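The structure appears right after this line, and notes come after that.
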Amino acid sequence: MRLSRYFLPILKETPKEAEIVSHRLMLRAGMIRQQSAGIYAWLPLGHRVLGKVQKIVEEEQNRSGAVQLLMPTIQSADLWRESGRYEAYGKEMLRIVDRHDREMLYGPTNEEMITDIFRSYVRSYKDLPLNLYHVQWKFRDEVRPRFGVMRGREFLMKDAYSFDLDQERAREAYNRMFVAYLRTFARMGLKAIPMKADTGPIGGDLSHEFIILASTGESEVFLDKSILDLPIPGEDTDFNGDLSEIVDAWTTPYAATDEMHDEAAFEALPEETKVSARGIEVGHIFYFGTKYSDAMNAKVTTAEGVDIPVHMGSYGIGVSRLLGGIIEASHDDDGIIWPTEVAPFHVGLINMKPGDECDPVCDSLYEQLENAGVEVLYDDRKTSAGQKFAGMDLIGLPWQLIVGPRGLKSGEVEIKNRKTGERESMSPEAAVAKLVAALKG
Ligand code: 5CA
């Protein structure tokens, strides 16, 4: 992508309304624009990252055996009356009346709708286990939307719903999501820690929140720091096999949010392993048994011919919130430092003197890298060097490739690693080889 033809509205001033670093950097880097309180337009750079985060989430959901569909944002109030949540949800639900005076709502979550879809088609135990998920915009009329995409009113969520014959098999479904979540967040460069959690308006009695540690996080958390060293399950994890060993390893060390905190158990830990910190909830999984299937009459016939309500769980990931979380975890004074897997582009190609001898070299580098599958943002604008460097540091692409007249005299271009700050001069051919190896190797 040529920057001269892109839309990257970088802000010079630090926006005053932004209280935390990720919000400030997302606004300054031209990723998002607030359109109403807690409601954002995703500008091209932000939209690219959102797409990459969503893709990783989808890949890991699919790997675990979940099946993707897409439900609408607008739901009928009647469906929510069946579960009793239409009244219970209170002011967080955005209620709408259509031209025929029918009561509708902008979905804050989809337990009711997915249960309705399930009961319309599935009758037999032979069709289980089943896990259906979608990635869709949600609306919650939060009292205090804040911190940008971290606590929005409109936000993108991945929500999955599992259906099983009994509690034991539902627990296996829960474990599959648990392990898929460990992989999902690790792929984004995050250390997300599963913690015992409260179930709130979703209900049920088994629940974990996945939390990344950050001083600006809204949750207070307590953990045994040995959990930070546990290995992430590999790509070859068998999701048809028994995952309880992995889940046990991750749920044995102490880790809880303040709602579930057991002061005595925590205090009993050796002093050097105790960590009390703040964190950002990026995912939340629930097992709630037959809460919705009882209320909404979603039954399956067992092998013995008996009709029983299906056991369910639901599993959320805050897809848009993750962008804030990743930035909180990965930035410096100059701007964002994107982990390669979610970076909007891989390389920022900087032409120090557009309209001159740097052009053919840049054009050729651009073409070679793009042909090798490396995503390049090419700064071909006639602006100052200082502006180009500061802009590239701010938007945080993992690599910069700098082409200037002085270097070219000795046949060299420069590579900069955004994270380490290391710079290295080499021939254009060597630069291409090095970047392709680093990014595609
Ligand atoms: N139905 C269940 C699971 S599918 C559910 O709604 N769970 S939740 O309420 O915990 O939300 C799932 C995830 O969405 C949270 O872990 C969080 O990462 C994200 N989320 C929740 N509220 C917001 C919000 N206001 N802004 C941004 N992300 C949010």
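The values are calculated or read from the model by the stated rules, or taken from the named source; none is laboratory data. Because the structure is predicted, anything quoted here is derived from the model rather than measured. As a convention, Cβ positions derive from the backbone with ideal geometry for all residues, glycine included, and neighbour counts pool all protein chains shown. Please note that ligands, DNA and RNA were not included when accessible areas were found on the heavy atoms of the full protein model with its side chains. Shrake-Rupley method; radii C 1.70, N 1.55, O 1.52, S 1.80 Å.
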- Query: With the other protein chains left in place, how much accessible area per residue, in square angstrom, belongs to region 3-335 at a 1.4 angstrom probe?
  - Reply: 45 Å²
- Under 13 Å Cα to Cα from Lys52, which aspartates and glutamates show up? Leave out anything in the same chain fewer than 8 places away. Glu60, Glu341, Glu375
- Message: If I histogram all Cα-Cα distances within region 235-321 using bins 5 Å wide from 0, what percent of pairs lands in each bin?
- Response: 3, 9, 11, 15, 16, 16, 14, 8, 4, 3, 1, 0
- Message: Using a Gaussian network model on the chain with a 10 Å cutoff between Cα atoms, which of Asp242, Asp205, Asp101 fluctuates the most?
- Response: Asp101
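Ignoring everything except DSSP H segments at least 4 long, calculate the 222 nm mean residue ellipticity for the chain; use -39,500 (n - 2.57) per segment, divide by total residues, nearest 500.
When only DSSP H runs of four or more count, the value is -9500 deg cm²/dmol.
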- Summing +1 for each Lys or Arg and -1 for each Asp or Glu, what net charge is found among the other residues whose Cβ lies under 15 Å from the Cβ of Ile56? +3
- Message: I need the semi-axes of the equivalent ellipsoid of region 57-153: take the C-alpha gyration tensor, multiply each eigenvalue by 5, square-root it, list largest first in whole angstrom.
- Response: 26, 20, 11
- Portion, in percent, of the accessible area of the chain that falls on carbon or sulfur, probe 1.4 Å: 48 percent
- region 70-121 shape via C-alpha gyration tensor axes, a/c threshold 1.5: prolate
- Message: If you average the alpha carbon positions of region 201-272 and of region 85-110, how far apart do those two centres end up, in angstrom?
- Response: 34 Å
- Sequence order, region 176-185: Karplus ³J(HN,Hα) from phi using 6.51 cos²θ - 1.76 cosθ + 1.60, θ = phi - 60°, Hz rounded, Gly and Pro as x, gives 4, 5, 3, 5, 4, 5, 4, 5, 4, 6
- For region 49-62, in order, what is each residue's ³J(HN,Hα) by Karplus, 6.51 cos²θ - 1.76 cosθ + 1.60 with θ = phi - 60°, in whole Hz (x at glycine and Pro)? 5, 4, x, 5, 5, 4, 5, 5, 4, 5, 4, 6, 5, 4
- Residue among Met26, Met177, Met113 with the largest mean-square fluctuation in a Gaussian network model of the chain, springs linking Cα atoms under 10 Å: Met113
- Considering Cα pairs under 8 angstrom that are at least six residues apart, work out the relative contact order of the chain and quote it in whole percent. 17 percent
- So what's the gap between the Cα centers of region 32-46 and region 417-435, to the nearest angstrom? 34 Å
- Message: Need the C-alpha centroid separation for region 276-306 versus region 339-391, integer Å.
- Response: 49 Å
- Task: Would you kindly find the accessible area of Tyr40, with a 1.4 Å probe and non-protein molecules such as ligands, DNA and RNA excluded, rounding to the nearest 10 Å²?
- Result: 30 Å²
- Item | Per-residue HN-Hα couplings for region 383-400 [Karplus 6.51, -1.76, 1.60; θ = phi - 60°; Hz; x = Gly/Pro] | 10, 5, 4, x, 5, 5, 5, 5, x, 5, 4, 4, 7, x, 5, x, 10, 10
- For Lys91, counting only aspartates and glutamates whose alpha-carbon sits under 16 Å away and dropping same-chain residues fewer than eight positions off, the answer is Glu103, Asp141, Glu142, Glu154
- Task: Please give every one of the aspartates and glutamates within straight-line cross-link reach of Lys419, meaning a C-alpha to C-alpha distance under 13 Å, and leave out same-chain neighbours fewer than 8 residues apart.
- Result: Asp332, Asp333, Asp334, Asp393
- Give the Debye-formula value of log10 I(q)/I(0) at each listed q (0.10, 0.11, 0.12 Å⁻¹), with one equal scatterer per alpha carbon of the chain, two decimals each. -0.79, -0.92, -1.05
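Counting Lys +1, Arg +1, Asp -1, Glu -1, what net charge surrounds Gly373 among other residues with beta carbon under 13 Å of its beta carbon? Spell out each step's value before the answer.
Details: positive: Lys440; negative: Glu367, Glu370, Glu375.
Residues close to Gly373 contribute a combined charge of -2.
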- Note on the structure: Quotient of Cα radius of gyration and Kirkwood radius for region 345-440, i.e. Rg/Rh, equals 0.91
- Message: Please give the charge dipole size of the chain, origin at the Cα centre, charges +1 on K and R Cβ atoms and -1 on D and E Cβ atoms. Round to the nearest 20 debye.
- Response: 1720 debye
- Item | Order by protection proxy (mean Cβ within 10 Å, highest first), peptides 394-400, 168-174 | 394-400, 168-174
- Modelled label reach - Met104, point 7 Å along Cα→Cβ, region 133-153 residues with backbone N closer than 18 Å: 136-141
- Query: Which trypsin sites (Lys or Arg not before Pro) from region 331-397 combine a DSSP loop assignment with at most 13 other Cβ atoms within 10 Å?
  - Reply: Lys382
